[in-house]
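Undergrad: Structure in structure tokens, see below.
Every read-out reported here was derived from the displayed coordinates using simple, explicitly stated rules and does not represent laboratory data. Owing to the predicted nature of the structure, the values given are computational and were not obtained by experimental measurement. Here the Cβ positions follow ideal geometry from the backbone for every residue, glycine too, while neighbour counts run over all protein chains shown.
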Amino acid sequence: MHDVMPETLSLVEDFLAFCSTHAIPPMTLLVVPGCDWRDEQLDRLRDLAGLGHELAAHGWLHRVGTPQSLYHRLHSTLLSRNVAEHLALDGESILALMRRSHAWFAEHDLPAPSLYVPPAWALGAVARQSLASLDFARIEVLRGVLDLRTAHLHPLPLVGFEADSGFRAAILRLWNSSQTGMARISRRTLRIGVHPQDLNLRLGGSLRELLKERWHFISYGDVL
């Protein structure tokens with residue numbers, strides 16, 4: 001579950017209630033630390049962690065100003081809009097952001113995250129060998145999950161449902177079909193990436209049908 005923020009927390013809880021009615025076990029919640037979290041909202045996060053949901057770090061602010069590079073402008077237009085904050089930073093700044101993101105959890109009496117997911121899965125211009133200095137065990141990117149203990153990237157298919165326009169819905173239908181087929185053929189774990197509002201968007205029906213299938217759900221640690 002991406003984009004767990006103060007303003008999305010009620011939608012997150014509604015989504016999790018839907019999942020519980022379909023016997024879906026606790027999921028990984030991607031928390032954006034740099035938002036304006038109030039004490040009451042932090043208590044709700046602690047409650048979710050107490051129910052077994054894994055908390056992961058998801059950037060810092062989950063937004064960025066005007067993209068500077070051509071690649072970032074294309075990425076923003078076609079995929080990430082204004083959320084891929086790593087793409088506006090150099091390597092040292094990316095590492096600093098990730099360390100700050102990890103430290104926030106302990107500062108607020110929340111379980112330390114073992115997983116980091118950059119916004120829009122865009123890790124940016126950071127050397128892979130420098131990631132070993134971080135306190136995370138793994139990082140998820142668009143292609144799969146990077147194990148920081150071995151520096152090995154485990155390629156894993158991925159489906160998503162954040163379709164707030166007809167164009168994005170059409171692209172995601174094609175993408176999801178190819179990724180689900182790849183998972184079945186390769187027998188690799190399928191990542192199901194969701195956002196708090198997805199049940200109410202154009203692919204909400206497809207997401208409901210997918211979640212009702214007879215899956216064997218596993219954690220990120222189990223994948224590796």
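Undergrad: Ranked highest first by the average count of other Cβ atoms within 10 Å around their residues, in what order do 22-32, 37-47 fall?
TA: Per-residue mean Cβ counts within 10 Å order the peptides as 22-32, 37-47.
Undergrad: Mind checking which of Gly221, Ala132, Ala170 is farthest towards the positive end of segment 130-224's charge dipole, using Cβ charges of +1 (Lys, Arg) and -1 (Asp, Glu) about the Cα centre?
TA: After comparing all options, I get Ala170.
Undergrad: If you don't mind, there's one more thing I want to ask. What's the magnitude of the charge dipole for segment 6-223 around its Cα centre, counting Lys and Arg as +1 and Asp and Glu as -1 at the beta-carbon? Answer in Debye, nearest 20. Intermediate results must be reported in sequence, preceding the final value.
TA: Details: 22 positive and 23 negative charges, 217 e Å.
So the magnitude is around 1040 debye.
Undergrad: Ranked by Cβ crowding within 10 angstrom, fewest neighbours first, how are Leu153, Leu210 ordered?
TA: Ordered by Cβ neighbours within 10 Å, fewest first: Leu153, Leu210.
Undergrad: Same structure again: So, counting K/R as plus one and D/E as minus one, what does the shell of residues with Cβ under 15 Å around Ile24 add up to?
TA: Taking every Cβ under 15 Å from that of Ile24, the sum is -2.
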